[in-house]
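Asker: So that we are looking at the same thing, I have put the structure below in structure tokens.
No value in this document is a laboratory result; all are computed from the given coordinates. Since we're looking at a predicted model, the values are computed, not measured. Neighbour counts are summed over all protein chains in view; Cβ atoms, including those assigned to glycine, are modelled from backbone coordinates with ideal geometry.
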Amino acid sequence: MSTQLPAAIDGSETGFDPASPLAALNAFYRAFNSRDIEAMARNWHDDADAAMSNPLGGIARGWPAIRTVYQRIFEGRARVQVAFHDYTLHVAGDMFYAVGRERGLLERDGLRLKPAIRTSRLFRRVDGTWRQVHHHGSFDNATLLAAYQEAVR
């Protein structure tokens, strides 16, 4: 992709072409960081083939199962903010994927964790709009993963 990529994306960025992959990626992080389940629903494809392999929800298939994982995060006591960085973006026709890392902060009842997650996201153009169809996230540090899972429960 020839466009200059921002160093990190957390959903607060502006000025992207609304039809661009960067705008779709930014919309995901805006929905996540603002805990907006309806915006998240607009970002994900509601097809049964959508899949998410996430440290909190195992493998969730289809938007209803994926939504359940996000609702648990959004409605829980833990506050999680993340930014996507150290990434590459690859466009192939009506699909694009982004591969990189998420860093952030989880706060709950005085606990502060700094999640570090390897992340990939795949989007497909559906009716002219980029919609997320796959996400995979994994922690490098097993101790941090266990603390994160406990804090979000």
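Asker: Please report, in whole Å³, the volume per residue of the convex hull around the C-alpha atoms of the stretch 46-109. The partial results should precede the final answer.
Answerer: Numbers: hull volume 6.2 nm³, N = 64.
So the per-residue Cα hull volume is 97 Å³.
Asker: Using a cut-off of 15 Å between beta-carbons, work out the net charge of the residues near Leu122 (Lys and Arg +1, Asp and Glu -1, Leu122 not included).
Answerer: Values: positive: Arg61, Arg118, Arg121, Arg124, Arg125, Arg131; negative: Asp47, Asp49, Asp94.
Net charge in that neighbourhood comes out at +3.
Asker: Another one. What residues of the stretch 77-103 lie in the reach of a label at Ala39, counting those whose backbone N is under 18 Å from a point 7 Å from the Cα along Cα→Cβ?
Answerer: The answer is 79-85, 103.
Asker: Once every DSSP H run of n ≥ 4 in the chain is given -39500 (n - 2.57) and the sum is divided by its residues, what mean residue ellipticity at 222 nm do you get, rounded to the nearest 500 deg cm²/dmol?
Answerer: -8500 deg cm²/dmol, from helical runs alone.
Asker: If I take R0 = 22 Å and measure r between the Cβ atoms of Thr129 and Leu5 in this structure, what FRET efficiency does the formula 1/(1 + (r/R0)^6) give, to the nearest 0.05?
Answerer: Values: r = 21 Å, r/R0 = 0.95.
Here the calculated transfer efficiency is 0.55.
Asker: Next question, about the same structure. May I ask you to work out the translational diffusion coefficient for the stretch 1-96 at 10 °C, viscosity 1.306 mPa s, via Stokes-Einstein with Rh from the Kirkwood sum over Cα pairs, reported in whole µm²/s? Working shown, then result.
Answerer: Working: Rh = 14.4 Å.
In µm²/s, the coefficient rounds to 110.
Asker: I need the P(r) histogram for the stretch 15-152: all alpha carbon pairs, bin width 5 Å from 0 out to the longest distance, whole percents.
Answerer: The percentages, shortest bin first, are 2, 10, 19, 25, 22, 13, 6, 2, 0, 0.
Asker: In whole Hz, with x marking every Gly and Pro, tabulate ³J(HN,Hα) for the stretch 136-143 from phi via Karplus 6.51 cos²θ - 1.76 cosθ + 1.60, θ = phi - 60°.
Answerer: 10, x, 8, 8, 7, 9, 5, 5
Asker: From the P(r) of the stretch 113-153, could you give the percentage of C-alpha pairs in the tail past 16 Å?
Answerer: Values: 411 of 820 pairs.
Of all Cα-Cα pairs in the stretch 113-153, 50 percent lie more than 16 Å apart.
Asker: Same structure again: To check you understand DSSP bridge types, tell me what percent of the beta bridges within the stretch 110-153 (both residues inside) are antiparallel, rounded to 5. Could you put the intermediate results ahead of the total?
Answerer: Values: 10 of 10 bridges.
Just about 100 percent of them are antiparallel.
Asker: Roughly speaking, what is the stretch gain from Asp17 to Arg112, that is 0.36 nm per residue apart minus the C-alpha to C-alpha distance, in nm to one decimal? Before the final figure, lay out each step's value.
Answerer: Values: separation 95, 0.36 × 95 = 34.20 nm, distance 3.53 nm.
Fully extending the segment from Asp17 to Arg112 adds 30.7 nm.
Asker: Using a Gaussian network model on the chain with a 10 Å cutoff between Cα atoms, which of Arg131, Arg77, Arg35 fluctuates the most?
Answerer: Arg77
Asker: Could I ask something else about it? Pick out which of Ala48, Ala92, Ala27 has the largest mean-square fluctuation in a Gaussian network model of the chain, springs linking Cα atoms closer than 10 Å.
Answerer: Residue with maximal mean-square fluctuation among Ala48, Ala92, Ala27: Ala92.
Asker: Okay, moving on. Cα-Cα pairs above 13 Å in the stretch 82-125: how many percent? It would help to have the intermediate numbers written out before the result.
Answerer: Details: 571 of 946 pairs.
When all Cα pairs of the stretch 82-125 are counted, 60 percent exceed 13 Å.
Asker: Another question, then. Pick from Ser53, Ser12, Ser120 the residue whose mean-square fluctuation is largest in a GNM of the chain, springs joining Cα atoms under 10 Å.
Answerer: Its mean-square fluctuation being the largest, the pick is Ser12.
Asker: Next up: How would you rank 124-130, 101-107, highest first, on the average number of other Cβ atoms within 10 Å across their residues? The partial results should precede the final answer.
Answerer: Details: 124-130: 14.0, 101-107: 17.0.
Descending mean neighbour count gives 101-107, 124-130.
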